[in-house]
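Data block below; observations after.
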Amino acid sequence: MADQPYWNPVLETLEPERIRQLQLKKFKRIFNWAFEKSKFHRSLYDKAGIKPEDIRSFDDIRRVPKVEKSMMRDIQRKAPFPYGDALCVPLEEVTEFRQTSGTTGQPVYQPDTWQDWEWWAECWAYILWAQGYRPRDRVFIPFGYNIFVAFWAGHYAAEKIGCEVIPGGVLDTKARILKIQELEATAMMATPTYVLGMAETARKMDLNPAKMTIAKITCAGECGACIPSTKQRIETSWGARVYDHAGATEIGAWSYECTAQPGGLHVNEALFLVEIEDIQTGEIITEPGRRGKMIITAFDRQAQPCIRFDSKDVIEWAEDPCPCGRSFRIIKGGVVGRADDITKVKGVLLAPSAIEEVVRGMDGLSDEYEVIVDKVGDVDQIKLRVEVMPGAQDQCQLIEGELNNQLRLKTNLRYDIEICGCDTLPRYEVKAKRFKDLRKGKKQN
Ligand SMILES: [Zn+2]
């Protein structure tokens, strides 16, 4: 088993035509389940005039109403406590409680049954196996085990595939680094922000993370690991291969990068249906190269189903199949942003990830940066704060000029650049808040 490249050799190499057949069949099954078991879904589908027997093709699937996060939030405020009437199983079958981080409003609760939890571990088993995790690995998880799902499922999946797992729970960053060193851990999972922060802390402890035993790192929770310059920074810092993965509390772990590092993520098409919708027209995009927002269905999650969930993640299909041999399609560059985060500045659409790509690709700068968009009078202004590394202070002018050129090329906008000393910008433990739009809440003209 350890020699084989795929976690599920049958499903991961199924011909595209057969994957589509499987997806249609599984969509009907979960649709029927929600239609029968959840008052919320039944009333949604009744209003749209759609019944299980109406679903015969992918065109029919596109008629199924989408579900937005705000709808889940509303329903959970109503009886029965605490999940409202979207729960498809008796309350006593719920074994897991998690919630969304609430960065975009009131958190949404996520109940799972034991079977759902097994499914979570199965989703992650695909990810870890594709990234080269094998039973001989010793996996360190520097994660504050808490109310968020994040690396809980990664933990169980690592156990499921036979790795040895070290829960780095409440240890602080220094203690975690020492534990990795002491136990010669070979892999770890964390957000890109935290992995970079750990490397910085290690260097301050006079340790070289690149000389430590970590050989692979699985990132999740932020875009970073699919942004080439950020990925390269992490790989160089740790002397390790870095792989991205995208998932969400209310969806599941739906995608993964493989060891071929194809510049994108495989969608786990055996467990999920990913549709890409044009943000302006609502049309479904099936061809490569056009960005839209993701509408996603989890086929096998039962307690609180995820059917045509409007995730707001911005993605696009890649052109070529992956050299790893998996037939699961790839989304190019991973999740490139959120439909909510893409903002108009001076009439130009700006994705924060484009700024990160430029800053992290620049020599002489630290990993931290901060972007502040504000309105001065009637004019939008963007301030970019970066930190210069010790030893590069005499190159500030050069760096500033190069930053301006690159940013104008990538984003078509001008920036007011401030070069700060090292260690002056805020550090983040888990997810970073580097992009601030101060225009929100101000009167917009
Ligand atoms: Zn691949």
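The values are calculated or read from the model by the stated rules, or taken from the named source; none is laboratory data. Note that the structure is predicted; figures quoted are calculated from it, not measured. Note that each Cβ is placed from the backbone with ideal geometry, even for glycine, and that neighbours are counted across all protein chains shown.
How many residues are more than 17 Å from residue 351 (Cα to Cα) and not in a helix (DSSP H, G or I) if we restrict to region 386-415?
Summing the residues that are more than 17 Å from residue 351 (Cα to Cα) and not in a helix (DSSP H, G or I) in region 386-415 gives 7.
Give all pairs with beta carbons closer than 7 Å in which a residue from region 317-336 that is over 11 Å from residue 257 (Cβ atoms) meets a residue that is of a type in the set (Ser, Thr, Tyr) and more than 13 Å from the ligand (Cβ to nearest atom); count only pairs at least 6 apart in sequence or on separate chains.
Between residues of region 317-336 that are over 11 Å from residue 257 (Cβ atoms) and residues that are of a type in the set (Ser, Thr, Tyr) and more than 13 Å from the ligand (Cβ to nearest atom), the close pairs are 336/353.
Please state which of the following conditions residue 331 fails to meet, knowing it meets all the rest: (1) within 16 Å of the ligand (Cβ to nearest atom); (2) assigned to a loop (DSSP other than H, G, I, E, B).
(2)
Check every one of the helices (runs of 4 or more DSSP H) wholly within region 133-249 and list those with 3 or more residues that are under 30 Å from residue 363 (Cβ atoms). Lay out the reasoning, then the answer.
Working: elements: 152-161, 173-183, 192-204, 228-238.
It comes to 173-183, 192-204, 228-238.
Can you tell me how many residues in region 334-353 are away from the ligand (no atom under 16 Å from the Cβ) and either of a type in the set (Ser, Thr, Tyr) or assigned to a loop (DSSP other than H, G, I, E, B) (or both)? It would help to see each step written out before you state the result.
Within region 334-353, the first condition is being away from the ligand (no atom under 16 Å from the Cβ), and the residues that meet it are 335-353.
Those left that are additionally either of a type in the set (Ser, Thr, Tyr) or assigned to a loop (DSSP other than H, G, I, E, B) (or both): 335-336, 339-343, 346-347, 351, 353.
Residues meeting the conditions: 11.
Identify the single condition in (1) of a type in the set (D, E, K, R); (2) modelled with pLDDT under 95; (3) within 16 Å of the ligand (Cβ to nearest atom) that residue 222 does not satisfy, given that it satisfies every other one.
Evaluating residue 222 over (1) of a type in the set (D, E, K, R); (2) modelled with pLDDT under 95; (3) within 16 Å of the ligand (Cβ to nearest atom) leaves (3) as the failure.
Which of the residues spanning region 78-135 are of a type in the set (D, E, K, R) and in contact (Cβ under 8 Å) with a residue 60 or more places away in the chain?
Within region 78-135, the subset of a type in the set (D, E, K, R) is 78, 85, 92-93, 96, 98, 112, 116, 118, 122, 134.
Scanning region 78-135 gives 93, 98, 112, 116, 122, 134.
Given (1) part of a strand (DSSP E or B); (2) touching a Pro at 6+ places or on another chain (Cβ under 8 Å), identify the lone condition not met by residue 314.
(2)
So which of 119, 129 is over 18 Å from residue 77 (Cα atoms), assigned by TED's automatic domain parsing to the domain that holds residue 76 and away from the ligand (no atom under 16 Å from the Cβ)?
119 is the lone residue from the list that is over 18 Å from residue 77 (Cα atoms), assigned by TED's automatic domain parsing to the domain that holds residue 76 and away from the ligand (no atom under 16 Å from the Cβ).
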